[in-house]
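Bear in mind that the values in this text are calculations on the coordinates, not laboratory data. Quick caveat: nothing in here was measured; it's all calculated off a predicted structure. For neighbour counting, all protein chains shown are included, and Cβ atoms are generated from backbone atoms with ideal geometry for every residue, glycine included.
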Amino acid sequence: MNIKLYQLESSLKKFLSAFVIVLSIGVIMGLTYLSQTTSYSTKKTIERFNGSQINIDDEMIDIPDTYPKPVSEMLLSTHNHIIGFSLLFFAIGFIFYFNSVINGSWKLFLIIEPLVSTIVTFGSIWGMRFITKEFVYLAALSSSLIYLSFFTMSTVILYELIFKKDKAKDE
């Protein structure tokens, strides 16, 4: 297919731009939620899934701020995120496929990487909860790649839909 985003009809460009903007708002809201619940801190992320450490001394028993996430809640969260992220990245990847700014192996990487990182991120959360807390670093790396890929693709898509002109139409 030799269709490029900047060559699309004006109304389709506006629709796709609005769609990418709304998706971006949703992703930013998710990142805001993550900031509120973990402060993007490895310690708070581990605590969110593994529960608070409590100190027991002879005089007083601490009540934990958070409890370890139960398997049922982890399953629900993982299920929702994997399905949601896969649909989000199918949509954004499909649109991004038709960009003319990034091509070749970088285009393929940006389309596939967030799908792979989604599995790695949520697998890491399970690893952090049930194997070792060091999985938090893999979760941080893979989730960073997810969002870097998303915002790169979104920026390129919006640039091409809004600012890039079809020189063939101008002549």
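Quick one: compute the contact order of the chain, relative version, from alpha carbon pairs under 8 angstrom and 6+ residues apart, as a percent.
31 percent
Kirkwood Rh, Cα Rg: Rg to Rh for the chain?
1.13
Whats the longest run of the chain with zero trypsin sites (Lys or Arg not before Pro) that are DSSP loop and have at most 15 other Cβ atoms within 10 Å?
Free of exposed loop sites, the longest segment is 5-164.
I'd like the distance between the alpha-carbon centres of the stretch 5-20 and the stretch 111-160, rounded to an integer number of Å.
27 Å
Which ordering of Thr32, Thr152 is given by a fewest-first count of other beta-carbon atoms within 10 Å?
Fewest-to-most ranking of Thr32, Thr152: Thr32, Thr152.
Among Ile111, Ser124, Ile146, pick out the residue whose Cα is farthest towards the positive end of the charge dipole of the stretch 110-171, where Lys and Arg carry +1 and Asp and Glu carry -1 on C-beta, about the Cα centre.
Projecting each Cα onto the dipole axis, the largest value belongs to Ser124.
Nearest 500 deg cm²/dmol is fine: what mean residue ellipticity at 222 nm does the chain get from its DSSP H runs of n ≥ 4 alone, each adding -39,500 (n - 2.57), divided by its residue count?
Computed ellipticity for the chain at 222 nm equals -25000 deg cm²/dmol.
Under the 0.36 nm per residue contour assumption, what length would be gained going from the current alpha-carbon distance of His79 and Phe94 to full extension?
Roughly 3.2 nm would be gained on extension.
If the elastic network links every pair of Cα atoms under 10 Å, which of Glu134, Glu113, Glu160 fluctuates the most in the Gaussian network model of the chain?
Per the Cα network of the chain with a 10 Å cutoff, Glu134 tops the list.
Using the alpha carbons of the stretch 1-47, what is the convex hull volume per residue in cubic angstrom, as a whole number?
Taking the convex hull of the Cα positions in the stretch 1-47, it is 99 Å³ per residue.
Could you identify which residue out of Phe150, Phe135, Phe15 has the top mean-square fluctuation in a GNM of the chain using Cα springs shorter than 10 Å?
Answer for the Gaussian network model of the chain: Phe15.
Assigning unit charges at the beta carbon (Lys, Arg +1; Asp, Glu -1) and nothing else, what dipole magnitude in debye, to the nearest 20, does the chain show about its Cα centre?
880 debye
Of Trp106, Trp126, how do they rank once you tally other Cβ atoms within 10 Å and put the fewest first?
Least to most surrounded, the residues fall as Trp106, Trp126.
Which number gives the lysine pairs in the chain that have C-alpha atoms under 29 Å apart and are eight or more places apart or on different chains?
Counting lysine pairs in the chain gives 26.
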